[in-house]
Structures are given as C-alpha cells and as structure tokens.
C-alpha cells in the first residue's frame with residue numbers, strides 16, 4: 001500500500017522534536033486535508049491553524065521541505081511531484097515566533113505593520129457621507145495588492161528577512177504601503193512610503209521568492225521597485241540604495257557594463273569603501289578575482305543599449 | 001481583574017464595526033476578543049457583494065424597493081421595522097466603507113459598481129470583483145488598527161456571566177497560554193458568526209463557525225430565535241461544498257441538468273437562475289431527486305455554465321471564482337461547466353435581539369450583531385448580498401448601542417465571574433487529563449450526518465424525529481468524551497471540544513424548532529406540510545433553554561408595518 005510519511009516539526013513551548021506520521025496515500029487531496037486527517041484520526045495533540053478552506057482567510061501557511069505553501073489550495077500530488085517523494089517534512093512558517101507546532105504568532109508583525117500607517121488617509125475630495133469618486137483605471141491599480149490575505153508565505157520565503165535583524169519590513173507590509181500610496185483616494189502617499197524608506201527599503205535582494213510563492217500571485221517585487229523609484233522622486237537620492245542603483249544606471253549607459261571597482265565607491269563613498277572594503281578587495285586582487293587596473297571599455301553595440309534606455313524612458317512616461 | 005467598558009466578542013465584519021463605533025467615544029475602554037486572528041474571520045469569504053440602494057446603476061432603485069425585496073425574500077417572516085431601518089441606512093454605510101478605503105469596483109462614472117443578485121428587483125449589489133467580504137474585512141481591520149482598538153487575538157469565549165439577573169462580564173481562554181480569565185464588562189457585543197458547522201463538512205462555512213456566542217447567550221437564558229431557518233446556498237462546489245459565488249448567477253450563468261436543459265424555467269420562469277437561494281436550492285435538489293442530475297447519491301450534482309459570458313467578462317468580474325473552481329474542483333469555467341450542489345451556507349436564526357437600532361437583547365448589557373444574531377432581518381430566507389450588509393450596518397449600531405449601555409451601567413460584582421472562571425479551570429483540567437471515553441470526532445461526524453440526512457433541504461416529521469433522538473444521544477455521549485491532548489498551551493483539541501458542545505446545543509434547537517413548524521416557509525421546506533400557513537405560523541420561534549437543560553418553544557409575533565403577506569412568486 002502506498003503511504004504518506006509526514007515528518008512534522010513539533011514544539012510545545014519548551015521542547016522541540018520531529019514526529020513521524022504514516023497514513024495511506026489518497027489522490028487529489030490537499031495539504032490541509034492531510035493535516036486535518038492527522039489531527040482528527042491519528043494525533044489530536046498536533047496543532048496548526050486553518051479556517052475557510054478556500055484560500056481567502058490566510059490561516060494555513062506552512063513549510064514543506066523548506067518551501068512555504070498555503071495548505072488548503074496546495075494539492076499533495078503537486079508536492080509529491082515537486083519533491084519526487086511521499087516523505088515530506090513540515091515546519092511552521094519561517095521568520096515568525098512559533099507558539100506551538102505549526103502555529104505562529106502574528107502579534108509582533110502587526111506592530112511592525114503599523115509603521116507604514118496601513119489605513120487610508122483620505123483626501124479632501126471624499127467625505128464620510130458621500131464617499132469618493134474613483135475611476136475604473138484608478139481602481140485597477142489597487143485591485144491586485146488588495147488580494148493579499150496576510151497568509152505570511154512571503155515573509156517565510158523572504159531572503160532578506162532570513163538574515164535581517166528585524167528592521168526590514170515584511171513583503172506583505174511593503175504591499176500594504178504600496179496599496180495605499182497608489183490609492184487615488186489617499187492624500188498622503190509620503191506618509192506610507194517614508195517609513196518604508198526609513199526601514200531598509202533598499203535591502204530587498206530581489207531573490208523573487210515572495211513573488212514565486214505568493215498564493216495570490218501579487219507582484220511584490222514590482223511594487224518594491226515602484227516604492228524605490230518613488231522615494232527617489234521624493235528626493236531621497238543620496239542614500240546607499242539609491243547611489244547603488246545610479247552606479248549601475250550610469251555605468252551601463254556609459255559603457256554597456258558595470259565597473260566593479262567603482263561600484264563600492266559610488267555606493268558608499270571613498271572613505272567608507274577604504275574602511276570597509278579595502279581589506280576584502282586586497283584579498284580578491286591577491287587571489288586574482290579582480291584586476292584593479294581594468295577599466296571596462298565600451299561594449300560592442302553600445303548604441304543599442306542607449307536606445308533601450310531611451311525607449312524605457314519614453315515608456316515610463 | 002481585566003475590566004473593559006465594552007467588550008466585543010468576534011472580529012469579523014460585525015465585531016470590528018462594533019469595536020470601531022464603540023471606540024468613537026474616547027472615554028470608553030474597548031476590547032475586541034477573537035478566537036482567531038481578525039482577518040481570518042468568515043466575513044472575508046463573502047464574495048459577491050453588499051446590497052445598498054445607491055441607485056448608481058439603476059436610478060429607479062430605492063431603499064423602499066430594497067425593503068420590499070427583503071421582506072418578500074424573507075417569506076414575510078422578517079420584522080419590517082428592522083428591514084426598513086436597515087435598507088434606509090445602508091447607502092450611508094457604503095459611503096462610510098468607501099471612506100475607510102474599501103476598494104470597490106467602479107462604474108464608468110467613478111461610482112461604486114453594482115450588479116444584479118438573486119431576489120433583487122434592481123441591480124443594487126455593490127462589489128469588489130468577487131472578493132467583496134475580503135476587502136471589507138481588511139479595510140475595517142485597518143481602521144481598527146488606526147483607532148488602536150485593543151485586540152485580544154486567539155482568545156476564546158467560554159461563557160457569559162449573569163449575577164442576580166444582571167450581566168457582569170465573561171470568561172475567556174487565552175488560547176496561546178491556556179490561561180482562563182474572567183473579564184469584567186459593562187456591556188458586550190456578541191458577533192461570533194453562524195453555526196453552519198452543525199452540518200460539518202457539508203457547508204460553505206469555515207471550520208470554526210460553531211456559534212460560540214449564540215450558545216453562550218442561549219445558556220444564560222437568551223432564547224434562540226428562528227433556528228430552523230437554515231440557508232443552503234445553491235452553488236457549493238460538488239466535491240467539497242466550498243462556495244461558488246452567487247455572482248456567477250448574477251453575471252448570467254446558466255444552471256443545467258444532465259439533459260443540458262436550463263431547468264430553472266420550470267421553477268422560476270421569469271427570474272430563471274436569479275431566483276432566491278431557497279428556491280434555486282430546492283430546484284437543484286428536485287432535479288437530482290427526479291433523476292436529471294449527474295452522479296449518484298451523495299455525489300450527485302448539476303452544472304453551472306458560464307462559458308457564454310466569454311473570457312473577458314469572466315476574467316474581469318469573476319477571477320477568483322474561476323481560480324476557486326480550478327483549484328478545488330479541477331475545472332476551468334472558461335472551458336467547461338462547473339459541477340455544483342447546494343451546501344449549508346447561512347443561519348437566518350440566532351440570538352434573539354429585541355431592538356434593531358441598538359441590537360440589545362433581553363439582558364441589559366448584552367448586544368448581538370451579524371450572523372450570530374436574529375434581528376430579524378432575513379426572516380425565513382436571506383437574500384444574497386444582504387449578509388455583509390447586515391454585519392457592517394448592525395455591527396456599527398450594536399457598537400453604538402453597547403457604548404450607550406456602558407454609560408448607563410457600572411461594573412458589577414466579581415463573585416460569580418471568579419466562580420465561573422474556577423468552574424472552567426476545573427473543567428479544562430479534567431477534560432485534558434481524561435484518558436478514556438467517547439471520541440469527540442465521532443460525535444461531531446454523527447451530528448453532521450444526522451443533520452444532513454434528516455434536517456436538510458427537504459424535511460419530514462419522522463426524519464426529524466430520528467435526528468432529535470440522535471442529537472439527544474450525542475449530547476449524552478458528549479458528557480463522557482475525551483480529547484486526547486493534555487497540554488495547557490494552545491490546546492486546540494480543547495477549543496474544538498467546547499465548540500462541538502456548542503454545536504450540539506444549537507443543533508438540538510434547530511431540530512426542535514423545525515419539527516414544530518408544520519408548514520413550508522422560505523428555507524424551511526417540509527414534504528409533509530408543503531404550503532405556508534400564515535394562520536398558525538406567521539410567527540418567530542423562540543427556543544428557551546431552561547435550568548434543567550430542557551428546551552421550550554414559544555412563538556412571538558412578526559412585526560408587519562407595510563407589506564402584508566402575499567403569495568411569494570418569482
């Protein structure tokens with residue numbers, strides 16, 4: 001008989017252990033079905049959260065073999081195919097405090113969420129009595145970001161949060177800031193965006209894991225790019241992130257490729273670079289990884305690259 | 001002891017609207033308790049929309065027409081003073097939600113878009129694509145964050161406490177720590193949602209829709225009103241019971257039997273698929289019964305066909321619904337019709353509310369709003385789009401009512417609150433350490449099976465009598481259950497145990513009220529009494545739980561102000 005073997009990371013508040021459950025394979029079932037089956041029929045001490053069963057309440061995020069999923073909408077057959085095995089390891093979502101077993105704590109995240117003023121700051125054009133006018137186009141801008149169900153999959157997958165000290169904002173928080181910054185009914189975009197900038201906006205490493213795994217398909221990294229651009233328009237050009245972006249922009253426009261020797265200097269300034277990067281750079285020179293005397297020449301077809309720049313500028317108008 | 005002027009139990013649309021409006025008065029301390037994180041609440045599952053006579057799409061629409069439609073939809077069992085209050089105030093609440101940032105879909109003039117819905121004489125259902133409840137829930141939560149409402153997430157209501165016939169507070173469990181604590185309160189708003197889980201898996205309801213607040217009120221003597229009226233949504237996905245929005249019918253979807261026939265022509269020749277939910281559900285079940293469905297027995301179904309709407313319309317108006325059908329039924333509605341069958345969706349009945357403008361109950365200090373309550377707005381059958389409307393509007397007014405009550409009252413005695421907390425502490429300890437007894441999951445499944453088989457869409461005396469006997473037995477069995485988890489911290493097995501106790505108490509109320517209503521009205525459809533009987537049953541059922549746990553039925557008058565009962569035809 002084919003069977004599932006689930007290895008579930010357990011935690012009771014003090015002790016952690018891994019518990020194995022075996023039960024017969026059934027086709028066309030979801031991850032949540034399996035967890036519910038274990039609780040109902042095998043082990044009532046197993047805890048996880050779930051509610052709506054159809055991907056709108058956001059309760060049942062869980063990690064399987066290191067990747068985060070929303071349990072109710074994830075077919076087990078797909079998981080089996082992905083990992084080529086019916087033996088699966090379950091863990092709670094990453095980058096959260098764990099309460100028990102697969103149950104995580106949302107409270108600290110809500111404190112963090114409040115930083116971006118996650119509520120509409122209405123313009124004077126609307127009123128509580130009459131509401132607002134908004135065009136279909138304006139609505140369509142906020143249609144996708146308001147799909148977010150706060151399931152936490154993006155947080156769990158975030159490459160920056162994995163190494164961050166806790167200041168960097170979770171992707172769903174950036175989404176919230178974006179959603180209000182873009183709402184035609186909101187009169188204070190800056191109040192949502194400034195806290196994003198103040199909390200390490202530029203540290204997103206564009207690993208795309210949030211976008212890849214978001215069960216609602218929200219283009220989070222596009223939004224982060226938008227937020228970055230907007231902060232530059234707001235005048236915040238003289239920070240590490242913006243300087244880093246300009247270094248890429250200028251080099252590629254000029255010669256079609258990056259000047260890696262100049263990149264840290266343009267990003268961090270001469271003094272900081274000498275203090276922070278010279279020892280490592282020296283080791284890299286010594287190992288033959290970089291050549292300090294190499295000045296990249298214009299690539300063939302640089303005109304084409306400049307055309308792309310021009311085109312992109314026209315499009316973004 | 002924790003003390004709050006106003007405590008709201010439940011953080012769905014009704015609970016958070018109540019918390020928000022109670023917080024308007026900054027002199028009051030307001031808490032909002034919820035057994036789950038607020039945005040997990042079931043309001044979020046509402047897809048199709050929220051009714052209000054804005055008149056944007058049809059300038060001839062009016063609160064008066066909305067009033068009339070709701071009364072007719074209710075099969076004349078709704079209290080008309082409540083309905084009129086509701087339909088008159090709804091347009092204001094929509095503007096308020098807009099001002100809170102709810103991302104509504106828009107029409108060409110920049111107004112909130114409206115769509116047709118079952119049982120409505122005008123297209124008055126405001127919507128945000130097919131995630132209306134979701135965006136409303138999140139927007140209200142955002143407003144609560146702004147107002148700094150004191151949230152107690154994952155705190156579970158165990159009981160309400162009344163001492164010398166005066167409400168003094170509640171006893172709750174902090175699920176995260178397992179602590180059981182009393183909270184003193186001057187007033188409380190119960191907003192804990194419905195109890196569709198009496199049918200366990202055969203419902204569109206979330207796993208936690210277990211009527212905790214309704215049961216808590218019932219246990220302290222507030223009667224259960226009209227519990228026999230259970231709405232079965234016509235279009236649950238065939239294999240899981242998950243909801244496929246009424247927006248599918250609203251946008252022009254066809255219901256087809258196995259002969260490819262639009263069978264609604266037989267039952268509602270004018271309205272066709274846009275008939276009210278009770279009628280459409282019965283029509284589907286009749287098709288299946290008479291051999292014109294697909295599949296066999298429990299696996300029977302009919303089809304919802306949307307292909308003729310075209311890709312553009314489906315992708316624009318029903319994107320999430322399409323995804324749902326793909327993920328949970330494996331069908332792409334652009335290519336194929338979707339197998340559907342009715343699924344328990346909504347409880348028209350609930351906590352007996354006596355004043356529709358303050359949402360107060362017969363016990364001073366206790367208010368109730370949303371699906372847990374019975375105002376009665378929906379009577380014997382709720383119209384689609386009237387429930388999100390119900391939660392936001394009556395949630396708001398319950399908050400205002402509770403605020404005013406809190407000003408009138410002072411904190412009561414702590415004696416019984418402490419005793420009650422002790423009782424629960426002891427119970428928690430006993431139950432979690434119990435090693436043998438009846439299996440709680442079996443009890444739950446047996447309850448659901450008998451409710452579906454015997455107190456479902458079509459009802460008969462003998463079948464319901466069987467159900468009553470079985471439920472009574474299960475209530476006995478329940479006293480000797482074990483849950484199998486001795487932990488204190490986050491013991492969901494214990495929470496589930498209390499929830500199932502609540503469901504059993506309420507299921508018994510449903511069966512008794514259904515047995516005794518010897519007529520067919522709205523969602524309550526009896527094979528042995530096939531017509532409406534206004535002479536004997538134009539009345540609300542009240543189920544009382546007496547001291548010795550006996551149930552007693554009483555009937556009270558329906559408030560009829562404008563519309564005299566007439567034959568209900570679509």
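Listing for the model above:
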read-out: Principal axes of region B:305-374: Cα extent on each, largest first, Å; value: 56, 23, 18
read-out: Cα point-scatterer Debye curve for the protein assembly as shown, base-10 log of I(q)/I(0) at q = 0.09 Å⁻¹; value: -0.92
read-out: Value of relative contact order over region B:283-348, rounded to a whole percent, pairs C-alpha under 8 Å and six or more apart; value: 34 percent
read-out: Scaled radius of gyration (Cα, divided by 2.2 N^0.38 Å) that region A:186-230 gives; value: 1.24
read-out: Of every Cα-Cα pair in region A:243-316, the percent that sits beyond 15 Å; value: 62 percent
read-out: Cα-based Rg / Dmax (Å) for region B:421-538; value: 17.7, 55
read-out: Taking only Cα atoms of region A:175-317, radius of gyration then Dmax in Å; value: 18.3, 58
read-out: Compactness relative to 2.2 N^0.38 Å, alpha carbon Rg of region A:3-104; value: 0.99
read-out: Rough spin-label spacing in nm, given labels placed 7 Å along Cα→Cβ, for residue A:28 and residue B:292; value: 2.6 nm
read-out: Sites residue B:461 and residue B:404, calculated FRET efficiency, Cβ-Cβ separation with R0 45 Å, nearest 0.05; value: 0.50
read-out: Residues residue A:190 and residue A:165, FRET efficiency given R0 of 22 Å [Cβ-Cβ distance, rounded to 0.05]; value: 0.30
read-out: For B:194-207, mean number of other protein chain Cβ atoms within 10 Å; value: 2
read-out: Footprinting exposure proxy for B:549, B:533 (fewest neighbouring C-beta atoms within 10 Å first); value: B:549, B:533
read-out: Residues residue A:43 and residue B:449, FRET efficiency given R0 of 35 Å [Cβ-Cβ distance, rounded to 0.05]; value: 0.90
read-out: Distribution of pairwise C-alpha distances over region B:108-202, 10 Å bins, in %; value: 11, 24, 32, 19, 12, 1
read-out: Cβ-based exposure ranking for B:202, A:179, in which fewest neighbours within 10 Å come first; value: B:202, A:179
read-out: Exposure proxy order (Cβ contacts within 10 Å, fewest to most) of B:289, B:427, B:35; value: B:289, B:427, B:35
read-out: Volume of the Cα convex hull of chain A, divided per residue and given in Å³; value: 214 Å³
read-out: Spin-label zone in region A:56-78 - amide nitrogen under 20 Å from a point set 7 Å from the Cα of residue A:105 along the C-beta vector; value: A:59-63
read-out: Intensity falloff of region B:391-467 expressed as log10 I(q)/I(0), Debye formula with alpha-carbon point scatterers, at q = 0.14 Å⁻¹; value: -0.92
read-out: Long-range tail of P(r) for chain B (Cα pairs > 36 Å, %); value: 30 percent
read-out: Share of alpha-carbon pairs per 10 Å distance bin for region B:166-308, given as whole %; value: 10, 31, 25, 16, 12, 6, 0
read-out: Over chain A: helical MRE at 222 nm, DSSP H runs n ≥ 4 each giving -39500 (n - 2.57), nearest 500; value: -12000 deg cm²/dmol
read-out: Inter-probe distance in nm under a simple model that places probes 7 Å from Cα toward Cβ, at residue B:472 and residue B:561; value: 4.2 nm
read-out: Computed [θ] at 222 nm, deg cm²/dmol, chain B (DSSP H ≥ 4; -39,500 (n - 2.57); rounded to nearest 500); value: -11500 deg cm²/dmol
read-out: Rh by Kirkwood over Cα pairs, then Stokes-Einstein D for region A:9-60 at 1.306 mPa s and 10 °C, µm²/s; value: 126 µm²/s
read-out: Percent of Cα pairs exceeding the 17 Å cut-off, where the set is region B:233-342; value: 46 percent
read-out: Packing-based ranking, highest mean first, of B:503-510, B:520-527, A:301-308 given that Cβ atoms within 10 Å are counted; value: B:503-510, B:520-527, A:301-308
read-out: Inter-probe distance in nm under a simple model that places probes 7 Å from Cα toward Cβ, at residue B:177 and residue A:286; value: 5.5 nm
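Any read-out appearing in this document is the output of simple, stated calculations on the displayed coordinates, not a laboratory observation. Quick caveat, the model's predicted, so the values are computed rather than measured. Counting neighbours? That spans all protein chains shown, and the Cβs are built from the backbone with ideal geometry, glycine included.
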